[in-house]
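The values are calculated or read from the model by the stated rules, or taken from the named source; none is laboratory data. This one's a predicted model, so the numbers in the text were calculated from it and none came from an experiment. All Cβ positions, even for glycine, are placed from backbone atoms using ideal geometry, and neighbour counts span all protein chains on display. When the accessible area is computed, the model is the full protein with side chains, heavy atoms only, and any ligands, DNA or RNA have been set aside. Shrake-Rupley method; radii C 1.70, N 1.55, O 1.52, S 1.80 Å.
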Amino acid sequence: MRLKIVKYDKVPETGYLEYIKEWELSGEKIVPTASERRGESFEDLLAKWSKDETDEVYKKGFVPATLYFLVHKKKVLGAIHFRHELNESLQYNGGHIGYGIRPSERGNGYATKMLVTLLDIVKAKGYKKILITCDEGNTASAKTIESANGILYDKIELEGETTLRHWIYLEL
């Protein structure tokens, strides 16, 4: 199976709409939240995602970030959001990367494939280490992070929830 990661501006519209509809019908929280459509047209989403890569987002308390999708042929299997830097909030919850696989495609190793591929992309851009967090109860995500050489750094309590913080060193 030929899987590839594509930047948001290369994702097929029909594939994205099918992907996001499945998430919306599932009733689950869409992860990463950056891939939500919130009633916007596909063209408006593309413009928003493009703006998300610029310094304009600092005004809203965010950091520049790029959204990618994992695609097989024209089917979107998942999304992964790379934050170019960490602000104080992201250092504790969120980290550099957030990702999710559509509900019907989980358990196939796609999250690991997507994460490892994105790590190759960011390593080529000069990043040396990446922080990824997950909820303590999210064992699937913790295993995905560990399979990409994530090292558990610590556990922190935030608003009654325990968050696991992992570092992935891209140059050892």
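Our note on the geometry: Cα centres of the range 116-146 and the range 1-31, 20 Å apart.
Distance between the pseudo-spin-label points of Glu159 and Thr33 (7 Å out from Cα toward the beta carbon): 0.8 nm.
Within the chain, the proportion of Cα pairs with more than 23 Å between them is 38 percent.
Between Thr117 and Thr14, full extension at 0.36 nm per residue minus the direct alpha carbon distance yields a gain of 34.7 nm.
What number, in percent, do you get for the relative contact order of the chain if the mean sequence gap of Cα pairs under 8 Å and at least 6 apart is divided by its residue count? Across the chain, relative contact order equals 19 percent.
Of the candidates Glu146, Glu13, Glu28, which one comes out as most mobile in a Gaussian network treatment of the chain with C-alpha springs shorter than 10 Å? Comparing Glu146, Glu13, Glu28 in the GNM, the peak value goes to Glu28. Identify the residues of the range 85-115 with backbone N under 20 Å of a label point that sits 7 angstrom from the Cα of Lys51 along the Cα-to-Cβ direction, or state none. Residues 85 qualify, since their backbone N sits under 20 Å from the label point. For Leu170, what charge total do you get from the other residues with a beta carbon under 13 Å from its beta carbon, if Lys and Arg give +1 and Asp and Glu give -1? In short, +2. Restricted to Cα atoms, the range 60-103 shows a radius of gyration and a Dmax of 12.4, 38 angstrom.
With a 1.4 Å probe rolled over the protein heavy atoms of all chains, the accessible area of Tyr153, Tyr16 falls in the order Tyr153, Tyr16, largest first. Each other residue within a Cβ distance under 10 Å of Ile130 adds +1 if Lys or Arg and -1 if Asp or Glu, for a net charge of +4. GNM remark for the chain: springs join alpha carbons under 10 Å apart, and the peak mean-square fluctuation among Glu159, Glu22, Glu40 falls on Glu159.
When the chain is treated as a GNM with alpha-carbon contacts under 10 Å, the residue of Asn149, Asn93, Asn108 showing the greatest mean-square fluctuation is Asn108.
Per-residue ellipticity at 222 nm computed for the chain from its helices equals -9000 deg cm²/dmol, with DSSP H segments shorter than 4 residues left out and the rest contributing -39,500 (n - 2.57).
Applying a threshold of 31 Å to the alpha-carbon distances of Lys21/Lys155; Lys73/Lys123; Lys21/Lys129; Lys74/Lys123; Lys59/Lys113; Lys74/Lys155 flags Lys21/Lys155; Lys21/Lys129; Lys59/Lys113; Lys74/Lys155 as lying beyond it. Listed by chain and number, the lysines whose alpha-carbon sits under 21 Å from that of Lys60, ignoring those within fewer than 8 places in the same chain, are Lys48, Lys51.
In the range 40-172, the portion of solvent-accessible area held by carbon and sulfur atoms comes to 49 percent [1.4 Å probe, whole percent, DNA, RNA and ligands not counted]. For Glu88, Glu56, the ranking by accessible surface with the largest value first comes to Glu88, Glu56, using a 1.4 Å probe.
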